[in-house]
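Shown next, in structure tokens, is the structure this report addresses.
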Amino acid sequence: MQKFQLQLLFQIIGIGSASGLLLDNDSLFIVSDNSHLLYEYNIKTEQLNKTPLVADDYTGLLENIPKEHKADYEAVTINNNDLYLFGSGSTEKRSSIGRINIDTKEALPHLDATDLYLIMQSFGGINPEGFNIEGAINDGTTWYLLQRGNGKSEQNGIFTLEGDISEMFFQIIYNPIELPRIDSVQAGFTDGIKVNDKLYFLASVEKSSSAHNDSKTAGTYIGILNLETMKVESTMLIGQNNYKGITLYKDNNSTLEFLLCEDKGDNEMISNIYKITIDK
């Protein structure tokens, strides 16, 4: 991975704090870390739809939720026809997994990941203050969850879970991952996607000592990790924006195109969607 082209592809008005992406045909599904909504943007028609992830009798805010109350959805993936939105687990209130059917847009009951996240913390030797799930990838019965190494522990890693998520029972493997640094501060995972046998990931450098406080971004890397060896093959700095979500856009003969979203760190309800093209 030696060359890349990065461009602002379009802006979506009506979404703030975008934190994860998933492209399905012409539908770009977007999650926000301060919202109880699933956003669906049709690239062809440029129409934006919003679907609540909570029950009809929910009386709280659906968007721009205060930090202390937000579910902090940081990752989205698909299994069969259901989308799964993973809370970061950085606090007790951020340990749920939202679910919604991609065809009917029916919101399904949330899964409580509290016990699973506690087991993962113990298994990976990660203290609660340093635990922060930022990416999720499903491959049948295999789930890859990307742990962001915020704070003093700097424990980036990948949890490989084998099992049925509806039962919340898994066999777990944890692999610590070493990522680049900027000015002695280590990058941390922000998202990833599986393409063939490779994991293409984003990792940003945020100068913060906390997994749940926002901070200034010094730069974001795109990288390739071999899922067989769990070793990083290459990384490349792509700018100073805080890119938080990645999804495959086009698989060409010699290049791959991905869509990226960024967290601008403000309450503006506009999300920038970028396209990055890299050599295979």
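One table, with the values for the structure above:
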{"item": "Answer from Ile165, Ile173 - the residue that is closer than 20 Å to Asn79 by Cβ and at pLDDT below 95", "result": "Ile165"}
{"item": "Positions within region 138-195 being among the hydroxyl-bearing types (Ser, Thr, Tyr), more than 22 Å from Tyr243 (Cα to Cα), open to solvent by 30 Å² or more (accessible area, probe 1.4 Å) and out of contact with any helix residue (DSSP H, G or I) (no Cβ under 7 Å at 6 or more places or on another chain), in sequence order", "result": "Thr141, Ser166"}
{"item": "Qualifying positions in region 26-35 - assigned to a loop (DSSP other than H, G, I, E, B) and modelled with pLDDT of 95 or more", "result": "Asp26"}
{"item": "Single match in Lys250, Lys216 (criterion: of a type in the set (Lys, Arg) and over 24 Å from Tyr144 (Cα atoms))", "result": "Lys216"}
{"item": "Options Leu6, Leu61: the member that is open to solvent by 50 Å² or more (accessible area, probe 1.4 Å) and outside any strand (DSSP E or B)", "result": "Leu61"}
{"item": "Single residue of Glu106, Glu134 found to be without any contact (Cβ under 8 Å) to a residue 40 or more places away in the chain and either more than 29 Å from Glu228 (Cβ to Cβ) or open to solvent by less than 10 Å² (accessible area, probe 1.4 Å) (or both)", "result": "Glu106"}
{"item": "From the options Tyr117, Tyr39, residue that is closer than 29 Å to Asn175 by Cα and aromatic (Phe, Trp, Tyr)", "result": "Tyr117"}
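To keep it simple, each residue is scored yes or no on (1) under 24 Å from Leu23 (Cβ atoms); (2) within 18 Å of the chain's Cα centre (by Cα).
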| position | (1), (2) |
| --- | --- |
| Glu92 | no, no |
| Ile97 | yes, yes |
| Leu108 | yes, no |
| Tyr117 | no, yes |
| Ser122 | no, no |
| Glu129 | no, no |
| Gly135 | yes, yes |
| Thr141 | yes, no |
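The values are calculated or read from the model by the stated rules, or taken from the named source; none is laboratory data. Source: prediction; values computed, not measured. Heads up, the Cβs are rebuilt from the backbone with ideal geometry, glycines too, and the neighbour counts pull from every protein chain shown. Just so you know, the surface numbers come from the protein's heavy atoms only, side chains and all, with ligands and any DNA or RNA stripped out. Shrake-Rupley method; radii C 1.70, N 1.55, O 1.52, S 1.80 Å.
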